[in-house]
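Novice: Below is one structure. I have some questions about it.
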Amino acid sequence: MTEKHADLQVEPQDEPRRWLDEPKNIEWIFRILLATCIALVGVDFFLHRHTHFDWEAIPGFYGMFGFVTFWVIVIIGKNLRKILMRPEDYYDR
C-alpha cells in the first residue's frame with residue numbers, strides 16, 4: 001500500500017449478515033463439493049469409457065489432468081508476472 005492510503009480504515013457496515021458470511025455455511029459448501037468430487041471419482045471406477053489412449057482409462061485421470069494443468073498455468077502465470085510487471089506509479093510518470 002502506498003503511504004497516502006495507509007491511514008484509510010474500513011468501518012463496519014450496518015448490513016445484515018448474509019448466509020455466506022457464516023463460517024459454518026462455507027464449511028458445508030466445502031464438504032458438499034468434496035463429497036461430490038469423491039463420488040465422481042468413485043463412479044469413474046465402474047464407468048466404461050471408449051478411450052483412444054490407455055492412460056485415459058485410469059480412474060480419476062481427467063480430474064488429475066485438470067488439477068495438474070491448472071497448477072502448471074498458475075506457476076507459468078507467477079513467472080510471467082515477473083516479466084510483465086510494471087512499477088506501481090508506471091502511468092503517473
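The values are calculated or read from the model by the stated rules, or taken from the named source; none is laboratory data. On a predicted model such as this, the values are computed, not experimentally measured, just so you know. Here the Cβ positions follow ideal geometry from the backbone for every residue, glycine too, while neighbour counts run over all protein chains shown.
Novice: Test of understanding: among 81, 31, which residue is under 30 Å from residue 19 (Cα atoms), in a helix (DSSP H, G or I) and either within 24 Å of the chain's Cα centre (by Cα) or free of Cβ contacts under 8 Å to residues at least 24 places away in the same chain (or both)?
Specialist: Exactly one of 81, 31 is under 30 Å from residue 19 (Cα atoms), in a helix (DSSP H, G or I) and either within 24 Å of the chain's Cα centre (by Cα) or free of Cβ contacts under 8 Å to residues at least 24 places away in the same chain (or both), namely 31.
Novice: Can I ask one more? Kindly provide the set of residues from region 20-45 that are at pLDDT below 90 and loosely packed, with under 10 Cβ neighbours inside 10 Å, ordered by number.
Specialist: Residues satisfying the conditions are 20, 45.
Novice: Restricting the search to region 57-77, which residues are surrounded by 12 or more Cβ atoms within 10 Å (Cβ to Cβ), at negative phi and either assigned to a helix (DSSP H, G or I) or not aliphatic (A, V, I, L, M) (or both)?
Specialist: Here is the first cut: in region 57-77, the residues surrounded by 12 or more Cβ atoms within 10 Å (Cβ to Cβ) are 57-65.
Of the ones still in play, those that are also at negative phi are 57-59, 61-65.
Result: 57, 59, 61, 62, 63, 64, 65.
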